[in-house]
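Notes to accompany the following structure.
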């Protein structure tokens, strides 16, 4: 998302945050929420993200949302014709020993609890006894991997 788009979203959130009415609430499984509170909290988070994004230097420039990209802004650039592109790549964390063990098991390169892939576990139930372990070591709800919400 571009910084301009983030600023437009922030403006909309700030406008919604000002609209407070006792009857404007939504009942959810976890209780009542008030849209103006959600908007105010989201606006704060988005404002911080904008501040961080504005501190970054663009990694490339895109001309009029086309397939034309440049590493630096042309000296003759028309205002608004080039869009700055930013990146802040997530840092990859190394796999844990348990994750490597489960992957090797699934690939048939190693056993898990003395049992090879495709074999039934002597104390666990079912043919897919290893799925609980797989979920436990790989579910990452923050990044949408397995486990739903």
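The values are calculated or read from the model by the stated rules, or taken from the named source; none is laboratory data. Keep in mind the model is a prediction, meaning the values are calculated, not measured. With ideal geometry, Cβ positions are generated from the backbone for all residues, glycine too; neighbour counts draw on all protein chains shown.
Brief remarks on what is shown
- Those helices (runs of 4 or more DSSP H) of segment 1-106 in which at least 3 residues are over 20 Å from the mean Cα position of the chain (by Cα), surrounded by 11 or more Cβ atoms within 10 Å (Cβ to Cβ) and modelled with pLDDT under 85, considering only elements entirely within it, cover 3-18, 35-55.
Rundown of residues vs (1) farther than 21 Å from residue 5 by Cα; (2) free of Cβ contacts under 8 Å to residues at least 12 places away in the same chain; (3) touching a helix residue (DSSP H, G or I) at 6+ places or on another chain (Cβ under 6 Å), yes/no style:
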| site | (1), (2), (3) |
| --- | --- |
| 29 | yes, yes, no |
| 33 | yes, yes, no |
| 50 | no, no, yes |
| 53 | no, no, yes |
| 63 | no, no, no |
| 69 | no, no, no |
| 75 | yes, yes, no |
| 80 | no, yes, no |
